[in-house]
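The values are calculated or read from the model by the stated rules, or taken from the named source; none is laboratory data. All figures in this text were calculated on a predicted structure; none of them were measured in a lab. When we count neighbours, we look across all protein chains shown, and the Cβ atoms used for this are built from the backbone with ideal geometry, even at glycine.
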Amino acid sequence: MTLFDLVFRSMRKNIKHYYLYFFALIFSVTLYFVFATLQHDESVVERSGGSMGAAFSAAGILLLIIAGIFVVYANAIFLKRRSREIGLYQLIGLSKSKVVRMFMLENILLSSGALFIGIGVGILVSRLFLLLLMKLIGFDGYITVTFSTSAVLQTVLVFMVIIAFTSIQMLFTVYRNTLLHLFNADQKGEIPKKPKSILSAILAGLGILLIVFGYWLSGNMMNDLLFFNMLLVLASTILGTYLLFRVTIGWVLYQVRTRKQGHLGLNNSLSIASLMHRMKGNANSLTIITVLSAMTLTMLSGSYSLYYATEQETRYSFPFDFMLDEIRSEELPEDMISLAQFEDALKAEGIAYTKSKLELLGVEGEYKNTNFPAIIGPRDVLWNSYMINAEQLEEAGLDIGIPEADTIIYHEAQLGVFVKDLNLPFQINVTSSEPHRTFEVVKYGEGDVYNFSTGPQLVVNATDFERYKKEMAKENFLELSPEWVVRTVYALNITDPKQLPRASEIYGGKESIYGEDFYSIYENALRESGLLIFIAGFLGLVFLISTGSILYFKQMTEAEQEKQSYKTLRQLGFSEKELLRGIVRKQIFVFGLPLAIGLLHSIFAIKAASFLFLSDITVPTVIAMSAYGIIYLIFAVLSVGYYRKIVSEAL
Amino acid sequence: MNEKNIKKTVLHAQNLTKSYGTRGNVQDVLKGIDLHVDEGEFVGIMGPSGAGKTTLLNVLATIDRPTLGKILIDGDDISRMKDARLSTFRRDKLGFIFQDYNLLDTLTVKENILLPISLGKVKKLEAEKRFIDIADILGITDHANKYPHELSGGQKQRTSAARALINEPSMVFADEPTGALDSKSAAALLKTMEDVNKERGVTIMMVTHDAIASSYCNRVVFLKDGMIYSELYRGDKTRQAFFQEILKVQGVLGGDSVDSI
């Protein structure tokens, strides 16, 4: 029998352990190849003005790091499982170098198989990926992908490096371990030790304390030391997570177990006892998995929220499709379009629209009894502020309600989520005219009420508006020419949303003083967030599959190590069903714990980052997190399935 | 032991046959065995390798199913029971002692012993009482909170025996219980089993290839080629005399018999 025969035999025998690893490897290769293709694809690079190419190469590097860690880790698990086999080959007289050669050959065959298939699949699906990307960023045109030799070379090269790593790993395993070690490696579990009560209790508490502190700080880090605080949050949460797995959980389980006084019962024997048996060895990997999961979840929820909220976020700053000043065309600079020109063009193309007049009354004044949050800073004078007539807004299609006399509905989209911290009511003393008049702010309205606003908008009812307009002395108003005291603008909304892109094209990205139009801003934002969700989504998937597989591999190994226990238990008269109940409980711990803690971490991370969003992101966050949970559930089910097989074969 | 004239039958096997293999290549391991075990008996099963000792034990202990034949334990026909009922039956009525102890490494001595009654109807207080009782008899009270790896072979086997007795079984099956023990621990364990058998009236069936071990029994059944070859009753003989008798039969049977004394 040649070495090749031996290798093929052992590969055939091992494929049922390998298939998930094989699949995960193929997936990583495919994805890396697709990223590399997109990074080199000229049409993509052109369309994005270079930013996409850079984003994809950055994503590629991140992907490589994850794939590298995953492959090396999975390989370590496999080597441990097969250490008896490695020992056996040596025992029957194969030299170490021959064993190494055999395992390397196997590894290289397997990995290059995955590489080959991965690239093949990558070539087939890269167009699909590109279509998905284009759909996500809202591009409808026809697009082709060119086959990129440099992408293939790049992929082959980086995965060769990873394969080289695993080969070195094998070399070490074979050369550094004694036969005795190899024969015992696969059944090494640790012995549950009695925790040193006081120290353990302190460390156990410290773990939780550190996490809680990290959570608390994440909600209170908006001050001058922001960067330092962020690092502190990370350090404290990660260390806390490690202590949690290394000490706290073991300590809690030990307390529960001691309390049972030996009357542990089957379910606990299969879950608690088995978990305690391996807690120390699992602490590192569980910490890494939890932190990775938290990162992934944060990244996924964040980017999904960004994508999900793109339209709403844009609407917050651009309540109208178009907004133009009433200015005669001859006064306009070259790069601006006048209202009349725009309307003519719309009519010429048969695009229906509604047009409403808005009057913006520039006012000055001061705040009274406010508590603007620290991140915005204390405010006392009104800046860049307009008073607006609620009834005109209503007519223009903004349903914001009509304020009572002498009260204001306050709009300022920039404040974002911090607005929740504002206490209402507060007062605004408008000082643009004599006598000064004090309004009561009774409500905070969502978003802005006119396009491209740069300051607070004070929405009052028509009576108050008209009265104040009359009272206001022209010379008090800002530094604009007198006819601008009351600035008249027109809000245009396109009736059929499908014609919006065309209307935007007519507008031609030309600027009014109110910046661009809604659609072009929206399109831009969509492109960015679409790219982000595309990259984050697939990276997240790789993270998820990697961490899920690692947990699954570990459970496979444990199931095999505990086979004898299951056999004994079945001989003692416990049914498969009863055993599985205990095993399911263990899986809930093994998969649920990192997931639950990862979820909790990411909830706080998202909460801390929510100031980036103008709108509420609960819905997209919940969706992203549920999707994550469901994929984890699939791994847990797979793992229970493997246990079921082991248990039913045990007798 | 109770001196009743008519003893209750605990186990009754009729025409037990067990074959392995597929149609073309059938191997009969048990070829029609009839066996009767009364309450309070300590029966040894001996025979050369391949005689079918372990298969017989597995079939009688409901771990394996007979190809043909009938087995009654406590009047229940276990050869017709469904798997799920068999599990419950094993848990409630039978006890097991294995050659390699088969303790769960992750559990302490006490947890291991209490495991078989953890799903039953036994109340915690009652379970505790039974544990104290049995641990005392087997001399492992001091080791209750130790893990198996901290015990010697003999202590592990005592733990295993305690686990077999905790559910107050109708019958205990022991498969080479002394196989992995040194002679001193083996003797101590066998003495304990003898005591348990006498004082508590527990019915025991033990498979062994060791003549010394079987000399502790009331009766030894010899198997050869899947059939009962002969039976020896100890009666009022001393253990030494019984041992000599066993050796004689073993000599005739041949096989892996000759253990140095």
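List of remarks:
- Flag if A:LEU593 is surrounded by fewer than 22 Cβ atoms within 10 Å (Cβ to Cβ) and in contact (Cβ under 8 Å) with a residue 12 or more places away in the chain: yes
- Pairs, first over 16 Å from B:GLU194 (Cβ atoms) in the stretch B:233-253, second in a helix (DSSP H, G or I), C-beta under 8 Å, six or more apart: B:LEU247/B:ALA211; B:GLN250/B:ALA211
- Considering only residues in the stretch A:435-448 that are part of a loop (DSSP other than H, G, I, E, B) and in contact with a Phe, Trp or Tyr (Cβ under 9 Å, 6 or more places away or on another chain), the one that is farthest from A:ARG315 (Cα to Cα) turns out to be A:GLU446.
- Among (1) in a helix (DSSP H, G or I); (2) within 17 Å of B:THR54 (Cβ to Cβ); (3) within 14 Å of chain A (Cβ to nearest Cβ), the one test that B:VAL172 misses: (1)
- Being surrounded by fewer than 22 Cβ atoms within 10 Å (Cβ to Cβ) and at pLDDT below 85 holds for only one residue in A:PHE543, A:PHE538, and it is A:PHE538.
- Scanning the stretch A:214-233 for residues that are surrounded by 11 or more Cβ atoms within 10 Å (Cβ to Cβ) and in contact (Cβ under 8 Å) with a residue 24 or more places away in the chain yields A:GLY214, A:TYR215, A:SER218, A:GLY219, A:MET221, A:MET222, A:VAL233.
- Wholly enclosed strands (runs of 3 or more DSSP E) of the stretch B:1-66 bearing at least 2 residues out of contact with any Lys or Arg (no Cβ under 7 Å at 6 or more places or on another chain) and surrounded by fewer than 22 Cβ atoms within 10 Å (Cβ to Cβ): B:9-20, B:27-38
- Residue match in the stretch B:160-182 (condition: of a type in the set (Phe, Trp, Tyr), at negative phi and under 20 Å from the mean Cα position of the chain (by Cα)): yes
- Scope the stretch A:9-42; condition among the charged types (D, E, K, R) and either assigned to a helix (DSSP H, G or I) or surrounded by fewer than 17 Cβ atoms within 10 Å (Cβ to Cβ) (or both); matching residues: A:ARG9, A:ARG12, A:LYS13, A:LYS16, A:GLU42
- The residue of the stretch A:107-140 that is modelled with the highest pLDDT, among those that are aromatic (Phe, Trp, Tyr) and part of a helix (DSSP H, G or I), is A:PHE116.
- Members of the stretch A:48-72 that are modelled with pLDDT under 80, buried (at least 16 other Cβ atoms within 10 Å of the Cβ) and over 20 Å from the mean Cα position of the chain (by Cα): A:SER48, A:GLY53
- Any chance A:SER602 is out of contact with any Gly (no Cβ under 7 Å at 6 or more places or on another chain), assigned to a helix (DSSP H, G or I), closer than 23 Å to A:ALA58 by Cβ and away from chain B (no Cβ under 14 Å): yes
- Failed condition for A:VAL99, given (1) loosely packed, with under 15 Cβ neighbours inside 10 Å; (2) of a type in the set (Val, Ile, Thr); (3) over 42 Å from the mean Cα position of the chain (by Cα): (1)
- Residue match in the stretch A:370-385 (condition: within 14 Å of A:TYR468 (Cβ to Cβ), surrounded by 13 or more Cβ atoms within 10 Å (Cβ to Cβ), of a type outside the set (S, T, N, Q) and in contact with a helix residue (DSSP H, G or I) (Cβ under 8 Å, 6 or more places away or on another chain)): no
- Criterion (more than 8 Å from chain A (Cβ to nearest Cβ) and within 19 Å of the chain's Cα centre (by Cα)) met by exactly one of B:ILE97, B:ILE63: B:ILE97
- Test result for A:LEU171, surrounded by 18 or more Cβ atoms within 10 Å (Cβ to Cβ) and either at pLDDT 80 or above or hydrophobic (A, V, I, L, M, F, W, C) (or both): no
- The stretch B:114-149 - residue that is touching a Gly at 6+ places or on another chain (Cβ under 8 Å) and under 23 Å from B:GLU194 (Cβ atoms) and, of those, nearest to the other protein chains (Cβ to nearest Cβ): B:PRO116
- Enumeration of residues in the stretch A:136-162 that are without any contact (Cβ under 8 Å) to a residue 60 or more places away in the chain and either among the basic types (Lys, Arg) or surrounded by 13 or more Cβ atoms within 10 Å (Cβ to Cβ) (or both): A:VAL156, A:MET160
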